[in-house]
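*Asks:* Have a look at the structure that comes next, please.
The values are calculated or read from the model by the stated rules, or taken from the named source; none is laboratory data. A quick note: this is a predicted structure, and the numbers were derived from the prediction, not measured. Here the Cβ is made from the backbone with ideal geometry for all residues, glycine too, and neighbour counts use every protein chain on show. Heavy atoms of the whole protein, side chains included, go into the accessibility calculation; ligands, DNA and RNA do not. Shrake-Rupley method; radii C 1.70, N 1.55, O 1.52, S 1.80 Å.
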Amino acid sequence: MAFTNNIMIVRHKLLADLVRLWKNDQLIEKIDRLPVELSPRRSKPMGRCCIHKERAVWRYKTFPLMGLDMTDEHDEVTPLSDYARMALSRPEPNKENIMCVIDEACSSCVQINYEITNLCRGCVARSCYMNCPKDAIRFKKNGQAMIDHDTCVSCGICHKSCPYHAIVYIPVPCEESCPVKAISKDEHGIEHIDESKCIYCGKCLNACPFGAIFEISQTFDVLQHIRKGEKLVAIVAPSILGQFNTTIEKVYGAFKEIGFADVIEVAEGAMQTTSNEAHELLEKLEEGQKFMTTSCCPSYIELVEKHIPGMKPYVSSTGSPMYYAARIAKEKHPDAKIVFVGPCIAKRKEVRRDEAVDYILTFEEIGSILDGFDIQLEQMQEFSILHTSVREAHGFAQAGGVMGAVKAYLKEEAEKINAIQVSDINKKNIALLRACAKTGKAAGQFIEVMACEGGCITGPSTHNDIVSGRRQLVQELLKRKESYETMDR
């Protein structure tokens, strides 16, 4: 696995260690020693004040990986084994929130966003002092200004007023990465995610330099059902093609080794999404609607619901590939629990709205499960999918994939349709979408909207790194011979 930062290594290793303990029936028995084993007495703490702080962080990071969060702790002296017992004995996941912040890990970022540097010339104008609404500017003996951080409210007025640009803005990475301002500090200086605003794009997850932000995992809920001998079917997102450095048949063989009864490709559902969306697009344009957007990105759906309600009439009513794949799986295995596997945090929200899907695992979690089970992909017996989906359906994994699939499906009819991409839900693109909703006009008649810059293959919970994942996906798509170009509709 290629990690882009150490936070990903820590997250992967911790979950793999927990899975390994679970597999050996030792999770409850040995989890209390895990923080000590991960940070032994004479080890050097990774950016923490001391080894005891490091161990506390390890302790609390196990919570979301077991499907819990900080609100589940009512007594600091309660051993981890009690929480592990709670996680393994619950009948179903019971957390309302999808993401959480680990208090102990979120303690090193700046509390105040502005600082005065040595570029300050101690000028007579003192614009910073004169304009500060909280009287937070003080002066050293040499005349240089300084900020009283106990008084400062980070309004930024001094920053704007300094003629020497001597006052710098210091961003908080998670806050800066969030395109909808869903993250802010609480009264204790700890970041808080407002899920009434959050669109679950996951940009904050890997932006936090201290690894304090987690999604609430369902890993052990799934594994417990497997241990009980229940039938589980994995429906796997198209971006699986770019995740593991081996044949896709061996990857699916690994799913069988984990304990899944069957594996169904979500690309099969993507073919239904393509045909339904293509026909809906033609109908909407014939009715006089100026444009229509795609509907398969759950972060985009959350964005529309929470921040751009005026866009609702322009969003396709077609179900996502997961929606159709889940129903294919239910028809084939009516007695099974369905587990969606993909790179997306927002799918956790979509799963809650879909009665056909029971659980979700991310590619990152699958990678940790494989390590925890000590599964060597190259040694796996191959498992082949009987249904062959077209190349364009697998192409949903990359930016432009949905747009490309619909145009390929429509063939000659697509020539009169101008299609565009909005790839990456950031502040600029949100403003663009808001303008389209307000005016009812857009630069294209068909707009593909994806939360992640390169599409699902660059999602926040992928196993492979972005560059390698994109390259591998392209190579795998070239191997797919079935295509709308050679098929009759």
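*Asks:* Looking at (1) within 25 Å of the chain's Cα centre (by Cα); (2) closer than 24 Å to Asn426 by Cα; (3) in contact (Cβ under 8 Å) with a residue 60 or more places away in the chain, which is the one condition that is false for Ser317?
*Replies:* (3)
*Asks:* May I pose another question? From the list Ile147, Ile170, Ile137, which residue is open to solvent by less than 90 Å² (accessible area, probe 1.4 Å), without any contact (Cβ under 8 Å) to a residue 24 or more places away in the chain and under 24 Å from Lys185 (Cβ atoms)?
*Replies:* Answer to the check: Ile137.
*Asks:* Shifting gears a bit: Condition first: hydroxyl-bearing (Ser, Thr, Tyr) and in a helix (DSSP H, G or I). Now tell me which residues in the stretch 294-345 satisfy that.
*Replies:* Of everything in the stretch 294-345, those that are hydroxyl-bearing (Ser, Thr, Tyr) and in a helix (DSSP H, G or I) turn out to be Ser299, Tyr300, Tyr314, Tyr323, Tyr324.
*Asks:* On to the next question. Give me a count of the residues in the stretch 48-70 that are more than 25 Å from the chain's Cα centre (by Cα) and not in a helix (DSSP H, G or I).
*Replies:* Qualifying residue count for the region: 3.
*Asks:* I need the helices (runs of 4 or more DSSP H) fully contained in the stretch 71-190, keeping only those with at least 2 residues that are in contact with a helix residue (DSSP H, G or I) (Cβ under 8 Å, 6 or more places away or on another chain) and closer than 26 Å to Ala212 by Cβ.
*Replies:* Here the list reads 80-89, 173-177.
*Asks:* Something else: For the stretch 458-489: of the residues being among the hydrophobic types (A, V, I, L, M, F, W, C) and open to solvent by 20 Å² or more (accessible area, probe 1.4 Å), which is nearest to the chain's Cα centre (by Cα)?
*Replies:* That would be Ile466.
*Asks:* Right, another one. If we scan the stretch 49-71, do we find a residue that is under 28 Å from Glu195 (Cβ atoms), open to solvent by 70 Å² or more (accessible area, probe 1.4 Å) and of a type in the set (Ser, Thr, Tyr)?
*Replies:* So far as the stretch 49-71 goes, yes, one or more of its residues are under 28 Å from Glu195 (Cβ atoms), open to solvent by 70 Å² or more (accessible area, probe 1.4 Å) and of a type in the set (Ser, Thr, Tyr).
*Asks:* Then there's this: Got a number for residues in the stretch 394-427 being without any contact (Cβ under 8 Å) to a residue 60 or more places away in the chain and open to solvent by 60 Å² or more (accessible area, probe 1.4 Å)?
*Replies:* The total comes to 6.
*Asks:* While we're on this one: Being at pLDDT 95 or above and in contact with a strand residue (DSSP E or B) (Cβ under 7 Å, 6 or more places away or on another chain) is true for just one of Gln218, Gln272, Gln224, Gln243. Which residue is that?
*Replies:* Exactly one residue qualifies, and that residue is Gln218.
*Asks:* Check off (1) farther than 22 Å from Glu277 by Cα; (2) of a type outside the set (Phe, Trp, Tyr); (3) open to solvent by 10 Å² or more (accessible area, probe 1.4 Å) for Asp354 and give me the number that stays unchecked.
*Replies:* (1)
*Asks:* Now for a separate question. Return the pairs, sorted by first residue and then second, in which the second residue is basic (Lys, Arg), the first residue lies in the stretch 367-384 and is closer than 21 Å to Thr462 by Cβ, the beta carbons are less than 7 Å apart, and the residues are 6+ apart or on different chains.
*Replies:* Partner pairs satisfying both residue conditions: Gly372/Arg20; Gly372/Lys23; Phe373/Lys23; Leu377/Lys250; Glu378/Lys250; Met380/Lys250.
*Asks:* Another question, then. Of all residues being of a type in the set (Val, Ile, Thr) and farther than 14 Å from Val101 by Cβ in the stretch 177-218, which is most open to solvent (accessible area, probe 1.4 Å)? Just the residue, please.
*Replies:* It comes out as Val180.
*Asks:* Need the failing condition index for Thr117 against (1) crowded, with 17+ Cβ neighbours inside 10 Å; (2) under 30 Å from Asn206 (Cβ atoms); (3) among the hydroxyl-bearing types (Ser, Thr, Tyr), just the number.
*Replies:* Only one criterion is unmet by Thr117, namely (1).
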